[in-house]
Amino acid sequence: MVVNSKIPVHVSIIMDGNGRWAKERGKERYYGHAEGVESVRACTEEAIRQGVRYLSLFAFSEENWNRPEEEVKALMELMVKAMVNELPSFLKNGIRFMVIGNRARLDSSLNEQIDECMRKTADCSNLSLVIFMSYSGRWDVLQAARRLALEAASDPARAEALGNMSADDFSRYLSTSGIPDPDLIIRTSGEVRLSNYLLWQCAYSELYFTDILWPDFREKEFDAALAEYAKRDRRYGKVK
Ligand code: IPE
Ligand code: IPE
Ligand code: MG
């Protein structure tokens with residue numbers, strides 16, 4: 001396969017601004033989240049058209065558990081509803097669905113739905129759609145470090161090998177193992193921060209910030225981000 005380096009293999013989006021979008025319309029925050037699902041669909045379809053292989057979306061952070069209970073509940077219900085509604089289109093369009101994050105904090109019915117959706121789309125290969133739920137970058141690095149510590153403690157020979165591990169070896173302990181690092185990270189809504197997202201994996205990502213609120217971020221806005229990416233010169237510390 002010919003890889004066009006101007007098209008990012010992996011686009012990741014911090015989907016922000018749903019609450020403000022709803023507030024601007026005098027509505028409850030929930031309406032913004034529901035409208036945001038439409039943007040997910042639009043960007044997923046556009047990603048496939050453009051030849052992007054991985055689209056990952058920050059849907060709910062570990063810190064988002066601190067939001068009011070009714071908002072958390074509404075977001076979880078929206079997730080279940082969206083998965084059920086979208087499954088036929090995932091299968092039709094060859095979309096592999098994955099969820100990454102601290103799934104122990106999700107309730108069991110949501111986890112069952114996620115498992116079913118992941119299992120049914122496991123052989124789809126047009127696009128991997130990765131949803132980060134109950135995720136934070138520090139949680140990811142920490143869970144990797146904890147597993148490594150346990151492995152080292154259980155076997156002295158293994159401990160010595162782990163003492164010499166490379167960055168690539170370490171990456172295999174992250175929850176994103178097997179998924180290439182994002183080439184492009186987009187954040188909507190005008191905030192210029194990563195909010196504890198993919199901290200290890202973003203080392204050489206191109207960052208793109210836009211004032212557009214997530215429910216207004218559709219095909220045209222996605223293409224504008226790709227056009228900006230195509231102009232970037234990725235040097236990785238070298239001289240060109
Ligand atoms: C993003 O929109 C969705 C989540 C973080 C779950 P927000 O809900 O953060 O919307 P704003 O930032 O308050 O406008
Ligand atoms: C980041 O948005 C998390 C997600 C988009 C899921 P937040 O709205 O939670 O981030 P902060 O609080 O503005 O940093
Ligand atoms: Mg926000």
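Would you confirm whether any residue within segment 28-47 is under 14 Å from the mean Cα position of the chain (by Cα), closer than 23 Å to Val72 by Cβ, within 8 Å of ligand 1 (Cβ to nearest atom) and not β-branched (Val, Ile, Thr)? The answer is no; no qualifying residue exists. Applying the condition of being of a type in the set (D, E, K, R) and farther than 18 Å from Ala47 by Cβ to segment 160-202 and asking which residue is nearest to ligand 3 (Cβ to nearest atom) yields Glu191. When the residues of segment 203-223 are filtered to those that are among the acidic types (Asp, Glu) and within 16 Å of ligand 3 (Cβ to nearest atom), the one that is surrounded by the most Cβ atoms within 10 Å (Cβ to Cβ) is Asp216. Scanning for something in a loop (DSSP other than H, G, I, E, B), within 16 Å of ligand 1 (Cβ to nearest atom), small (Gly, Ala, Ser) and in contact with a Ser or Thr (Cβ under 8 Å, 6 or more places away or on another chain), does segment 172-188 turn up at least one residue? No, there is no match, as no residue in segment 172-188 is in a loop (DSSP other than H, G, I, E, B), within 16 Å of ligand 1 (Cβ to nearest atom), small (Gly, Ala, Ser) and in contact with a Ser or Thr (Cβ under 8 Å, 6 or more places away or on another chain).
Table: residues versus (1) in contact (Cβ under 8 Å) with a residue 60 or more places away in the chain; (2) within 16 Å of ligand 2 (Cβ to nearest atom).
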site: Ser154; (1), (2): no, no
site: Glu160; (1), (2): no, no
site: Ile179; (1), (2): yes, no
site: Thr188; (1), (2): yes, yes
site: Asn196; (1), (2): yes, yes
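In segment 1-107, counting only helices (runs of 4 or more DSSP H) that sit wholly within it, the ones holding 3 or more residues that are of a type in the set (D, E, K, R) and more than 13 Å from ligand 2 (Cβ to nearest atom) span 29-50, 69-93.
The set of residues from segment 221-240 being touching a helix residue (DSSP H, G or I) at 6+ places or on another chain (Cβ under 9 Å) and more than 16 Å from ligand 1 (Cβ to nearest atom) comprises Phe222, Asp223, Leu226. Count of segment 198-207 residues, restricted to those that are within 17 Å of Phe222 (Cα to Cα) and either in contact (Cβ under 8 Å) with a residue 24 or more places away in the chain or within 12 Å of ligand 1 (Cβ to nearest atom) (or both), is 2.
Only the coordinates and a few stated rules stand behind these numbers; no lab work does. Only a predicted model underlies this, so the values are computations on that prediction, with no experimental measurement involved. Virtual Cβ from ideal backbone geometry, glycine too; neighbours counted across all protein chains shown.
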